[in-house]
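Below: the structure, in C-alpha cells.
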Amino acid sequence: GDLEHGLETVHLALTIAETQLPLFRIKALAVLAKIHIMNNNLAEAEAVITQGKNDRGRTAIPIFYMLLLIAEGELALKQGDYERAITLTSNLLTTLRQFGIRAYISEVLHLQAQALLALGRQGAARDCWLEARTNAKDIGSKQTLWPTLVALSQLEANPTEAEQLLLRAREIVEYIAAHAPPELRASFLGLQAVQELLSG
C-alpha cells in the first residue's frame, strides 16, 4: 500500500533496466502500470501499457509480458470495460495453464470474477472465485486468498458460512500485517479493502 515509495522504486528499476538490463524493462513497466491503476491514474496506466506492448523486448521473457497483460486486464476492469476484461483474462488463463504457470492464476481469476459479477453473471463469478481459492491455497498465496474469501462471503447465502469466510480472511490479513516490515505495516492496514474487512 505504500504507493509513493513504490513509484520511486519502480522509476529506479526502470532507469537500471534501460541502462543495464533491457530485458527487465517490461516487468518494471508492468509494475508502474499497476501502481498507476491503484492511484486511479488510468490515462497514465494506459500510456505505460501501450509503451510496454510496443517494447522491442516484450516477448523475450514471456512471464514479464504476462504481468503487463494482467495490468491491462486490471485497467479494463477499472474502466468499466467488462467484456474486454473477460477476454483479456480468458486469454491469459489459457496461456498460464498451457505453460503450467500457477503463480498468477488466482489473481487473473479474481479479475475475471469481478468483471463477470459486474455483468450480472453471479454463478460464473462464483465459479471463478472458487477456483481462485483452490489455486491460492495450493500455492500458498495469502495475497490473493484473502480478497477471494471476501468476495465469496458476499455471494454466500448461508450467513454462518459467510461469516466463516470473513473470519478466515481477517486472520490472513492480520497474519500479513504481523509479518510485514514495520515500515510497511501501516500502509497495508491503511488500504481501503483491508480497512473495510477489519471494521466489518
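The figures follow:
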| item | result |
| --- | --- |
| Environment charge at Glu74 (Cβ cut-off 14 Å; Lys +1, Arg +1, Asp -1, Glu -1) | -2 |
| For the chain, calculated [θ]222 nm from helices alone, where every DSSP H run of n ≥ 4 adds -39500 (n - 2.57) | -26000 deg cm²/dmol |
| Candidates Arg84, Arg185, Arg126, ranked by Gaussian network fluctuation over the chain, Cα under 10 Å, top entry | Arg185 |
| Residue among Ala33, Ala180, Ala76 with the largest mean-square fluctuation in a Gaussian network model of the chain, springs linking Cα atoms under 10 Å | Ala180 |
| Pairwise Lys count, the chain - Cα closer than 21 Å, eight or more residues apart or different chains | 6 |
| Accessible solvent surface per residue of the chain, calculated while the other protein chains remain in place, 1.4 angstrom probe, Å² | 54 |
| Label of the coordinate-derived value, P(r) over Cα pairs in 10 Å bins from 0, in percent, listed as [x] 9, 37, 38, 14, 1; [y] 9, 31, 38, 19, 3, 0; [z] 8, 29, 31, 20, 10, 2 | [y] |
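The values are calculated or read from the model by the stated rules, or taken from the named source; none is laboratory data. Here the structure is a predicted model, which means the values were calculated and not measured. Positions of Cβ are generated from backbone atoms using ideal geometry, with glycine treated the same way; all protein chains shown enter the neighbour counts. Just so you know, the surface numbers come from the protein's heavy atoms only, side chains and all, with ligands and any DNA or RNA stripped out. Shrake-Rupley method; radii C 1.70, N 1.55, O 1.52, S 1.80 Å.
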